[in-house]
């Protein structure tokens, strides 16, 4: 109870996401929680983490308190190793230099497909969303970690529109669509950590966040969830993680 | 339809042979520079999101009441709002369209797409990049491996999934994009148009090479001697460029690397105003900041000295240790 008040939903999202990264990896990060979580990992456990941004940045080392408002701003380049054109940094994904793609999500489905384009019929949309940006490229070409808020309307059986492909319709459909590499690796929410079944490619719960029950996760999800046989219990955020995170984002730009 | 979008190679070459690519001075005033842009043209916009946006050129196009422009940019921000909201454009090709992640969805974009029939043509970020690159290479398409399997691809009959003639793998061919005119803002260039870009170059080099005309705005015009002392910094060669305009703070209220960061107070109040009322809010904003000022400097004065100085302080701090 008291533990839950130590941190906000977005803080635990950023911290659990950062724990998924390993030192030495090359990570292509989107703006917001992914940028923050990758930077957190870099400061805490993974000094050799190489962060790429779609604006053309290779080896970013974002300054505490100076988080960029997008991945195309000058702040992204501070102490980086290199700047490239945007098309060229995206092509690193296609060539295979990138271990992990790391993004937020507006709407996800049982196969890990993400929608950030349309709510409703694309021909007459109820809501026109901002679109893919580099999301489609990243999720088409590498292994993905998605960090997002857990709400029933965001976790739907099938997305209205596949902007960034997960496992499409499950099974072998991703490969058959012309995407032989990559796919959804992990989804992190304020409730749980999810992976995907090797065969069916459906989402399954790997670990529950501190104080969260199976029922709570299922109740907030718009499709039937599978659970790993031995569902793990995630360690709560440490003081070190929380302090470092708050130093990075003192104005709570992305962790409100 | 598609054939109309793709310029035949011979016409591309004819257009090129008619351009005056000699080493000549091209410095003009802002009002004159946009004469290259006629109603209905394809206009490529440099920079990305809130960075190195050629805002002064967009400002001038809107003031001169251009119509039916088909605009393309890798990622579009408030400039997209302004192009739709002013009626200058009814078609925007991009990969992401909102004011910025901090502000959620653009109500202006939503209004014009959901109820006014304007066209936001969505490609993946790499898709836009490969289209400009094909345009810059003088080939009709490039193959890529993203977008396949997604509904982004299904919305784009202009892109063709094929089986690779060498390996049999599925690939996506995306058509070249050769804008009639490219608008690009840089930190410095000489009077001939040799342009040096600091920091992130985005897709500007491909865009400049792909376009049939290029209008440059620059924070400052330097001598050709100064350019020649650091030729490795020159990213766009003079023979791509048709007009040069010196416009300090030419990306305001967006950022220009090393000089100023986005003017967040102005951005915040703009977003609050137009998202509260995408029609009247936008009309009032355009009236106050676009149509009423007599000059770009007057527009900057409306943004305000304090905000310009503060953005400059943040902008220059990128070079601090």
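Which numbered condition in (1) surrounded by fewer than 19 Cβ atoms within 10 Å (Cβ to Cβ); (2) without any contact (Cβ under 8 Å) to a residue 40 or more places away in the chain is the only one that residue A:178 fails?
(1)
This table checks each residue for (1) out of contact with any helix residue (DSSP H, G or I) (no Cβ under 8 Å at 6 or more places or on another chain); (2) surrounded by 24 or more Cβ atoms within 10 Å (Cβ to Cβ); (3) farther than 19 Å from residue A:118 by Cα.
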residue: B:36; (1), (2), (3): yes, no, yes
residue: B:51; (1), (2), (3): no, yes, yes
residue: B:71; (1), (2), (3): no, yes, yes
residue: B:89; (1), (2), (3): no, yes, yes
residue: B:98; (1), (2), (3): no, yes, no
residue: B:115; (1), (2), (3): yes, no, no
residue: B:126; (1), (2), (3): no, yes, yes
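Which one is farthest from residue B:258 (Cα to Cα) among residues in the stretch B:196-236 that are away from chain A (no Cβ under 14 Å) and within 15 Å of the chain's Cα centre (by Cα)?
Among those residues, the one meeting the criterion is B:212.
What are the residues in the stretch A:96-115 that are surrounded by fewer than 24 Cβ atoms within 10 Å (Cβ to Cβ), touching a strand residue (DSSP E or B) at 6+ places or on another chain (Cβ under 7 Å) and outside any strand (DSSP E or B), if any?
Within the stretch A:96-115, A:97, A:98, A:99, A:106 qualify.
Starting from the stretch A:217-232, take each residue that is over 13 Å from residue A:156 (Cβ atoms) and list its partners that are assigned to a loop (DSSP other than H, G, I, E, B), counting only C-beta distances under 7 angstrom and pairs at least six apart or across chains.
A:217/A:191; A:217/A:225; A:218/A:225; A:226/A:197; A:226/A:202
Return only the number of the condition from (1) touching a helix residue (DSSP H, G or I) at 6+ places or on another chain (Cβ under 8 Å); (2) surrounded by 24 or more Cβ atoms within 10 Å (Cβ to Cβ); (3) within 11 Å of chain B (Cβ to nearest Cβ) that residue A:62 does not satisfy.
Unmet for residue A:62, out of (1) touching a helix residue (DSSP H, G or I) at 6+ places or on another chain (Cβ under 8 Å); (2) surrounded by 24 or more Cβ atoms within 10 Å (Cβ to Cβ); (3) within 11 Å of chain B (Cβ to nearest Cβ): (3).
Before we move on, is residue B:308 assigned to a helix (DSSP H, G or I), more than 25 Å from residue B:84 (Cβ to Cβ) and away from every other protein chain (no Cβ under 14 Å)?
So residue B:308 passes the test.
All but one of (1) within 10 Å of another protein chain (Cβ to nearest Cβ); (2) in contact with a helix residue (DSSP H, G or I) (Cβ under 8 Å, 6 or more places away or on another chain); (3) farther than 16 Å from residue A:135 by Cβ; (4) not in a helix (DSSP H, G or I) hold for residue A:75; which doesn't?
Status for residue A:75: all satisfied but (4).
Yes or no, residue by residue, for (1) touching a helix residue (DSSP H, G or I) at 6+ places or on another chain (Cβ under 7 Å); (2) more than 22 Å from residue A:132 (Cβ to Cβ); (3) part of a helix (DSSP H, G or I); (4) more than 14 Å from every other protein chain (Cβ to nearest Cβ):
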{"residue": "B:7", "(1), (2), (3), (4)": "no, yes, no, yes"}
{"residue": "B:61", "(1), (2), (3), (4)": "yes, yes, yes, yes"}
{"residue": "B:79", "(1), (2), (3), (4)": "yes, no, yes, no"}
{"residue": "B:84", "(1), (2), (3), (4)": "yes, no, yes, no"}
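Would you check if there is a residue in the stretch A:123-136 being part of a loop (DSSP other than H, G, I, E, B), more than 10 Å from chain B (Cβ to nearest Cβ) and buried (at least 17 other Cβ atoms within 10 Å of the Cβ)?
No, the stretch A:123-136 contains no residue that is part of a loop (DSSP other than H, G, I, E, B), more than 10 Å from chain B (Cβ to nearest Cβ) and buried (at least 17 other Cβ atoms within 10 Å of the Cβ).
In the set B:257, B:290, which member is within 29 Å of residue A:85 (Cα to Cα) and in contact (Cβ under 8 Å) with a residue 24 or more places away in the chain?
Checking each option against the conditions leaves just B:257.
Residue by residue, here is whether (1) in contact with a helix residue (DSSP H, G or I) (Cβ under 9 Å, 6 or more places away or on another chain); (2) away from every other protein chain (no Cβ under 12 Å); (3) surrounded by fewer than 18 Cβ atoms within 10 Å (Cβ to Cβ) holds:
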position	(1), (2), (3)
B:144	yes, no, no
B:149	yes, no, no
B:161	yes, no, yes
B:168	no, no, yes
B:175	yes, yes, no
B:178	yes, yes, no
B:194	yes, yes, no
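Regarding residue A:168, is this residue farther than 24 Å from residue A:56 by Cα and in contact with a helix residue (DSSP H, G or I) (Cβ under 8 Å, 6 or more places away or on another chain)? Give the steps one after another, and end with the answer.
Numbers: farther than 24 Å from residue A:56 by Cα: yes; in contact with a helix residue (DSSP H, G or I) (Cβ under 8 Å, 6 or more places away or on another chain): yes.
Yes; evaluated as a whole, the condition is true for this residue.
Being within 30 Å of residue A:69 (Cα to Cα) and either without any contact (Cβ under 8 Å) to a residue 24 or more places away in the chain or outside any helix (DSSP H, G or I) (or both) is true for just one of B:108, B:43. Which residue is that?
The unique qualifying residue is B:43.
Kindly provide the set of residues from the stretch A:7-41 that are more than 14 Å from every other protein chain (Cβ to nearest Cβ), part of a loop (DSSP other than H, G, I, E, B) and modelled with pLDDT under 95, ordered by number.
Passing the criteria: A:7, A:8.
Check whether at least one residue in the stretch A:48-57 is within 26 Å of residue A:151 (Cα to Cα), crowded, with 24+ Cβ neighbours inside 10 Å, more than 14 Å from chain B (Cβ to nearest Cβ) and at pLDDT 95 or above, and report yes or no. First the steps, then the outcome.
Filtering the stretch A:48-57 for residues within 26 Å of residue A:151 (Cα to Cα) gives none.
The answer is no; no qualifying residue exists.
The values are calculated or read from the model by the stated rules, or taken from the named source; none is laboratory data. These figures come from a predicted structure and were not determined experimentally. Cβ: placed from backbone, ideal geometry, glycine included. Neighbour counts: every protein chain shown.
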